[in-house]
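The values are calculated or read from the model by the stated rules, or taken from the named source; none is laboratory data. Just so we're clear, the structure is a prediction, and the values are computed from it rather than from any experiment. Reconstructed Cβ throughout: ideal geometry from the backbone, glycine too, with neighbour counts over all protein chains shown. All accessible areas refer to the heavy atoms of the entire protein, side chains included, with ligands and DNA or RNA removed. Shrake-Rupley method; radii C 1.70, N 1.55, O 1.52, S 1.80 Å.
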Amino acid sequence: MRRGMRKIAAVSAALVLGIAGCTTVPRNTSPHVLRPFEAPQARIDVPKPRPNINPDLVLRDFYAAAAHPIDDYAAMRAFMTPDLAKSWNPRERARIVDGINLIANSTESASRQSFTARGNGVGLVGDDGAYEPVSSEYSGDVEMELGSDGQWRISSIPDGVVMEKQTFLDNNAPRNIYFLDPAGNQLVTERRWLYRGVNDGATDLMTKLKNGPSAPLIPGVTTVLRNTASISVEASSDTTAEGRTVNITGLGEVDHDLRVMLAAQIVWTLASADFRGPWLLVADGKPLVANHEGPWTKDSDEIRSFDPSRLPADLVRMRTVDNNGIYEVVDGKATPMNNGWRATGGTILTSAAVGVDVEGTELVAAVFRANRDNNAESTLMLGLASGAPAPVLTAQSLTRPSWSPDAAAVWTVKDGQTVVRLVRSTQTSQIEAEEIDTSELDSVMGGENKQISEFRVDPSGTQAAMIANGQVFIATIERSDSKPWKLTYPRAIALSEGVSPLSLTWSANQTLTIGAFGYESPMWRVYPDGATSSVLPKLNLTAPVTVVSATSSKLYALDTNALMELISGEGEEQFWRKVPGVSGRMAPVSVE
């Protein structure tokens, strides 16, 4: 059924093509209080004014209260004088800082004290729970006065919420909301941070889905729900035999295929947030999908194929590449691929990627270099895995190729500067190299000095991750029928100081795995919102890690010695081991 919905058609050639229109998503921009997606995992202690303490401690408690937005930040206003509590404006987005330093200024009198609060800004979080990494310096002047009751209160402070990052993480938790790529083929993951302090937030989670994506994703995704509709989940915490009911009103005239897509959005959003199902989906008093009157789960036939945790790499055999060519790993043995996927003469093969189209056909993109000289000319070759390759693009240098979903197009970066998307022309049936508009990248990547060394399109085809000048960036892919596609809303993803990223890959649920140069932490897992990152196990791994790839359940890394696979046994520490049957320093071939 899902193949019938696809707007990208398979083409029996070396490339499959699909172009979808640009979609604008309406948003409800009215501020609203963060609500939770689950019962609190631990008791929430909301700071309250303590009697008879010094003004600096009062101020510390005030900043701790910033994590609690209930009743228009009543917890923060309790630390203010009555006049300030009435006039202070929390604004729509809270500033997240790595820590707050309080500097006491000269004492004006025994009843008045002023401070300067400073910190390194690392991000902003909106009232919709969307986190955006932003690097900036924060400085704000605070005045305090001693009240008639002998207690210190804040009498003057800049508008806006400022919160230490650890306080933010302790009191909020992430959950995924799912939108759609413009073609309606893929679920697109967006991470939201939601307050832990209130029970049963299923309706609030659905409201955030209805209100649409955050600003960075708007140019690249769509959703079925209009923001004029309303959606709620039955309040009872008990699950009946049929399941809890999701009620939608004001859906309007929406065809069958779009209703199925909406069902996928709703069910996967709720299921990923650990709400109990199954779910009865009702729109304007009738079943959301006419021929599905019973409950829905993520395993329902109509929406199972939307599973965002699955990757194309799960469906095909593993392949590796070295300077001599591409190999297929079968039954613990790496066997060379033929039909032109071998280096001949003085050429070497530097990188490759496999795309899987809607019919399951495997296509290969590989970069050949004229010789071992790093400055030698490179050529991108395309072809069926079972056929012979043909040259489609030549440049001084080409990054490791990356496929769009369903092998709709293949991407690479030419000479470190020009992002190219290769598609089949609808007029001539020839492969054409379309240059992507990267004008918005210049401000964050150094303009003409930018050098993009790695470029990967995410599993939904809506975002691209890059390594440029030793830093990780993510940008949204904005599609268009009438003008060049564009990389928009670029944002930097920070790693620990001293870690130099070398390679990256998209993993399940659109997380990033990064291989780096850094003895203490050569492997990282990073989330696209930039709010958190974590170090992966390094046991048996020798930095640097120069190439990484992933399936939905496995990670592969090329370290100094060999191609390694992350292993985790029950109750055992995770460790890396050499991939059986792969000799030498063969790199993993990404499958997309």
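With the simple model of a label 7 Å out from the Cα in the direction of the Cβ, Glu293 to Gln451 spans 6.6 nm. Only aspartates and glutamates eight or more places from Lys450 in sequence, or on another chain, were considered; those with a Cα closer than 14 Å are Asp415, Glu440, Asp442.
Using a cut-off of 22 Å between Cα atoms, the listed pairs Lys333/Lys414; Lys538/Lys578; Lys333/Lys554 include Lys333/Lys414 as exceeding that distance. Counting only protein heavy atoms and using a 1.4 Å probe, the accessible area of Leu84 comes to about 20 Å². Name all residues of the stretch 510-543 having a backbone nitrogen under 18 Å from the label point set 7 Å from the Cα of Glu573 along its Cα→Cβ direction, giving them as ranges. Under cut-off, by backbone N: 519-524, 535-543.
Solvent-accessible area of the chain (1.4 angstrom probe, protein heavy atoms only): carbon and sulfur portion equals 46 percent. Which of rounded, prolate, oblate describes the stretch 71-142, given a ≥ b ≥ c as roots of the alpha-carbon gyration tensor eigenvalues and a/c under 1.5 marking rounded, otherwise prolate only if a/b is larger than b/c? Verdict is oblate for the stretch 71-142. Tell me, how many Å apart are the Cα centres for the stretch 252-272 and for the stretch 54-104? Using only Cα atoms, the two centres lie 40 Å from each other. With a Förster radius of 35 Å applied to the C-beta separation of Asn120 and Asp481, the computed FRET efficiency comes to 0.25. Here the Kirkwood formula, the inverse mean of 1/r across different C-alpha pairs, assigns the stretch 421-524 a hydrodynamic radius of 15.0 Å. Taking a ≥ b ≥ c as the square roots of the eigenvalues of the Cα gyration tensor of the stretch 230-326, is the shape rounded (a/c under 1.5), prolate (a/b larger than b/c) or oblate? Prolate shape, in that a/c is at least 1.5 and a/b is the bigger ratio. Taking each residue as 0.36 nm, the span from Arg585 to Glu520 lengthens on full extension beyond its C-alpha to C-alpha distance by 21.2 nm. Please work out the C-alpha center-to-center distance from the stretch 291-361 to the stretch 441-456 and express it in whole Å. Using only Cα atoms to place each centre, the spacing works out to 29 Å. The residues Glu253, Glu573, sorted by heavy-atom accessible surface at 1.4 Å with ligands and nucleic acids left out, run Glu253, Glu573 from largest to smallest. Placing a pseudo-label 7 Å from each Cα along the Cα-to-Cβ vector at Asn324 and Asn54 gives an inter-label distance of 7.1 nm. Peptides 50-63, 466-479, 220-233, 402-415 ranked from most to least packed give 402-415, 466-479, 220-233, 50-63, packing being the mean of other C-beta atoms within 10 angstrom over each peptide's residues.
Subtracting the Cα-Cα distance of Thr542 and Asp141 from 0.36 nm times their residue separation leaves 139.5 nm of extension gain. Which of rounded, prolate, oblate describes the stretch 336-428, given a ≥ b ≥ c as roots of the alpha-carbon gyration tensor eigenvalues and a/c under 1.5 marking rounded, otherwise prolate only if a/b is larger than b/c? Judged from the Cα gyration tensor, the stretch 336-428 comes out oblate (a/c at least 1.5, b/c at or above a/b). Across the chain, Cα pairs under 8 Å and at least six residues apart give a relative contact order of 12 percent.
Protein-only accessible surface at a 1.4 angstrom probe places the residues Thr546, Thr511 in the order Thr546, Thr511, largest first. Beyond 49 Å, what share of the Cα-Cα pairs of the chain is found? Please give it as a whole percent. Counting every Cα pair in the chain, those more than 49 Å apart make up 17 percent. The modelled label-to-label distance for the pair Lys333/Asp98, using points 7 Å beyond Cα in the direction of Cβ, is 5.3 nm.
Projected onto the charge dipole of the stretch 204-328 (+1 at Lys/Arg Cβ, -1 at Asp/Glu Cβ, origin at the Cα centre), which of Ile303, Leu280, Leu217 gives the Cα projection farthest towards the positive end? The listed residue farthest towards the positive side: Leu217. Where only DSSP H runs of four or more residues are counted, the chain gives -3000 deg cm²/dmol as its mean residue ellipticity at 222 nm, each run worth -39500 (n - 2.57). Loop-located chymotrypsin sites (Phe, Trp or Tyr not before Pro) across the stretch 488-592 with a Cβ neighbour count of 13 or fewer within 10 Å are Tyr519, with loop assigned by DSSP. Centroid-to-centroid, using Cα positions, the stretch 113-177 and the stretch 363-423 are 48 Å apart.
Cβ neighbours within 10 Å, averaged per peptide: list 85-93, 392-400 in order, most packed at the top.
392-400, 85-93
How long are the semi-axes of the ellipsoid equivalent to the stretch 127-207, from square roots of 5 times the Cα gyration tensor eigenvalues, in whole Å, largest first?
The equivalent ellipsoid of the stretch 127-207 has semi-axes of 37, 17, 10 Å.
Volume per residue of the convex hull around the Cα atoms, evaluated for the stretch 530-592, comes out as 120 Å³.
Binning the C-alpha pair distances of the stretch 155-196 at 10 Å intervals from 0 yields a P(r) profile of 23, 30, 25, 17, 4, 1 %, listed from the shortest bin outward.
In order along the stretch 477-490, the Karplus-derived 3J(HN,Hα) couplings, from 6.51 cos²θ - 1.76 cosθ + 1.60 at θ = phi - 60°, round to 8, 9, 8, 7, 8, 10, 8, x, 4, 9, 9, 10, 6, x Hz, and Gly and Pro are given as x. Rolling a 1.4 Å probe over the protein heavy atoms gives the chain an accessible area of 42 Å² per residue.
So how do His68, His256, His292 rank on accessible area, 1.4 Å probe, biggest first, that is with the largest at the start?
His256, His292, His68
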